[in-house]
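Enquirer: Before we start, here is the structure in question, set down as structure tokens.
The values are calculated or read from the model by the stated rules, or taken from the named source; none is laboratory data. Given the structure is predicted, the values throughout are model-derived calculations rather than measurements. Cβ sites come from the backbone with ideal geometry, for glycine too, and all protein chains shown count toward neighbours. Accessible surface is based on the protein model in full, side chains and every heavy atom, while ligands, DNA and RNA are left aside. Shrake-Rupley method; radii C 1.70, N 1.55, O 1.52, S 1.80 Å.
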Amino acid sequence: MEKKCATKFVLWMSNRNFVNIEEAEIYVYGFELLISSFISILEILLIGASINKIMFSIGYLAGFIPIRIFAGGYHAKTHNRCYLMFLIIFLICNFIPYSKNNSLAKYIVIYISLFFLIRFCAPLQAENKKLDEHDEKNYRRYALIILIISAIFGFPFIGKESCIWEGMLSGKIAVILFMLIQIAHNMLAGMIK
């Protein structure tokens with residue numbers, strides 16, 4: 001579905017001379033990813049709204065997306081598998097017993113775990129997403145910077161009730177899960193350096 005929509009849109013843009021037809025494949029791929037990302041985000045927000053956890057869902061996406069972009073993690077081979085994995089991990093994180101009191105211990109465990117995963121394993125690569133050495137260093141650095149900024153801004157919320165902050169912590173747990181899944185996959189495939 002995503003590819004068909006993206007192809008139609010790129011052809012429409014090409015007919016109006018907005019894009020060069022020779023670069024159509026690149027544009028189709030980009031729009032396909034954009035549509036896929038939009039559907040995934042909308043899916044999480046709709047589920048959050050339907051279970052009366054919209055603020056948690058917004059926090060989850062804010063805690064997940066920026067780090068996941070640079071740290072890597074499991075990459076499904078199809079959009080449908082990607083939607084399914086994203087949904088399953090969201091539901092797992094959503095139904096982890098909700099703590100009204102964001103304890104310092106929970107905060108430290110999540111951030112230190114993610115710090116070490118990023119520092120020593122990121123960016124995790126999949127067969128369909130390879131990076132060169134320069135990009136690897138930059139992605140790792142960006143992921144660490146985002147994590148540190150998130151930790152600094154989150155520190156004042158420790159011990160306070162906040163659906164958004166609880167969602168952000170759950171988003172970090174999701175990144176950890178996606179990274180661990182990709183590490184296991186890479187080990188099984190013999191891709192670990």
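Enquirer: Please give the charge dipole size of the range 12-123, origin at the Cα centre, charges +1 on K and R Cβ atoms and -1 on D and E Cβ atoms. Round to the nearest 20 debye.
Expert: On the way: 8 positive and 5 negative charges, 122 e Å.
Charge dipole, the range 12-123, about its Cα centre: 580 debye, nearest 20.
Enquirer: Find how much the distance from Thr78 to Phe120 grows on full extension, using 0.36 nm per residue of separation minus their present alpha carbon separation; answer in nm with one decimal. Before the final figure, lay out each step's value.
Expert: On the way: separation 42, 0.36 × 42 = 15.12 nm, distance 2.77 nm.
Once the chain is fully extended between Thr78 and Phe120, it gains 12.3 nm.
Enquirer: What is the distance, in nm, between label points placed 7 Å from the Cα along the Cα-to-Cβ direction at Leu46 and at Ile69?
Expert: 2.4
Enquirer: Find the accessible area per residue for the range 58-122; the probe is 1.4 Å, ligands and nucleic acids are left out, and the unit is Å². Don't jump to the answer; show the numbers that get you there.
Expert: On the way: 3300 Å² over 65 residues.
Each residue of the range 58-122 exposes 51 Å² on average to a 1.4 Å probe.
Enquirer: If you don't mind, another one. Going down the table (Lys8/Lys77; Lys3/Lys137; Lys106/Lys130; Lys53/Lys130), which pairs top 25 Å between alpha carbons? Could you put the intermediate results ahead of the total?
Expert: On the way: Lys8/Lys77 23 Å; Lys3/Lys137 31 Å; Lys106/Lys130 33 Å; Lys53/Lys130 36 Å.
Going by Cα-Cα distance, Lys3/Lys137; Lys106/Lys130; Lys53/Lys130 fall outside the 25 Å limit.
Enquirer: From the Cα gyration tensor of the range 137-192, with a ≥ b ≥ c the square roots of its eigenvalues, which class applies: rounded if a/c is under 1.5, or else prolate if a/b is larger than b/c, or else oblate? Don't skip to the answer; put the middle values down first.
Expert: On the way: a/c = 4.63, a/b = 1.84, b/c = 2.51.
Here the range 137-192 falls in the oblate category.
Enquirer: Amide H to amide H under 5 Å from Gly72: which residues, 5+ apart in sequence or cross-chain, H placed 1.01 Å off N in plane?
Expert: Leu124
Enquirer: Sorting check: for 8-20, 51-63, which peptide has the highest mean count of neighbouring beta carbons within 10 Å, and how do the rest follow? Let's see the in-between values first.
Expert: Details: 8-20: 13.5, 51-63: 19.5.
Descending packing order for the listed peptides: 51-63, 8-20.
Enquirer: Mind running the shape call on the range 36-193? Use the C-alpha gyration tensor, a ≥ b ≥ c as the square roots of the eigenvalues: rounded below 1.5 for a/c, prolate if a/b tops b/c, oblate otherwise. Mind showing how you got there, number by number?
Expert: Numbers: a/c = 1.98, a/b = 1.30, b/c = 1.53.
Cα axes put the range 36-193 in the oblate bin.
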